[in-house]
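Right, one structure below, let's go through it.
The values are calculated or read from the model by the stated rules, or taken from the named source; none is laboratory data. Keep in mind that what you see is a predicted model, and the values were worked out from it rather than measured. All Cβ positions, even for glycine, are placed from backbone atoms using ideal geometry, and neighbour counts span all protein chains on display.
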């Protein structure tokens, strides 16, 4: 007599990957996102450390998820009580997927701009409390992004900036009012938390 098979967890659709929200109101929710070249969501382990760092600051914060990709960082921020997240993502498919996730989660606190991140920085006049700066590693644009954030006042006194870089690439010189608070590494990724003085 053939034994019944154990039920297996549903797999993501072909060509799609999954991320899991690890804390807050949507804790444990699994969301799929398209498999797009250079789209590299921040790992669960790194996100858990990051949001432990931010736990006293995230509630009510206005956040910018620049180079949003899968939206993992911004969605985690919303789950944990951020008042608003602006997602900036150039890829049309990835940007639409973030919009779909916000609709699925019934959140009105996120807005998605399908736009080049550096173009956004050049023309933006908004200010943010927390900025997630995690560009595709091949772009090597951290110094330019940091300069724009500082010169245009997008990151103002007291703003926190999360920076993710390849571990083998040194962190570029930060603008003078920026102070490095914390840094760690996991696998081939280095990640840093900076405060604007």
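Checking 118, 113, 105 one by one, the residue that is farther than 16 Å from residue 42 by Cβ, out of contact with any strand residue (DSSP E or B) (no Cβ under 8 Å at 6 or more places or on another chain), modelled with pLDDT of 95 or more and surrounded by 16 or more Cβ atoms within 10 Å (Cβ to Cβ) is 105 and no other. The residues in the range 149-195 that are surrounded by fewer than 18 Cβ atoms within 10 Å (Cβ to Cβ) and assigned to a helix (DSSP H, G or I) can be counted, and the count is 1. Only a single item in (1) touching a strand residue (DSSP E or B) at 6+ places or on another chain (Cβ under 9 Å); (2) farther than 20 Å from residue 58 by Cα; (3) touching a residue at least 40 places away in the same chain (Cβ under 8 Å) is not met by residue 167, and it is number (3).
Looking at 50, 19, 31, which is the one that is closer than 26 Å to residue 185 by Cα, assigned to a helix (DSSP H, G or I) and at pLDDT 75 or above? Quick ask: steps written out before the conclusion?
Values: 19 fails: assigned to a helix (DSSP H, G or I); 31 fails: assigned to a helix (DSSP H, G or I).
Unique residue meeting the criteria: 50.
Out of the range 53-83, which residues are in a strand (DSSP E or B) and surrounded by fewer than 20 Cβ atoms within 10 Å (Cβ to Cβ)? Across the range 53-83, the qualifying residue is only 62. When residue 135 is tested against (1) under 26 Å from residue 55 (Cβ atoms); (2) out of contact with any strand residue (DSSP E or B) (no Cβ under 8 Å at 6 or more places or on another chain); (3) touching a residue at least 40 places away in the same chain (Cβ under 8 Å), just one condition goes unmet, and that condition is (2).
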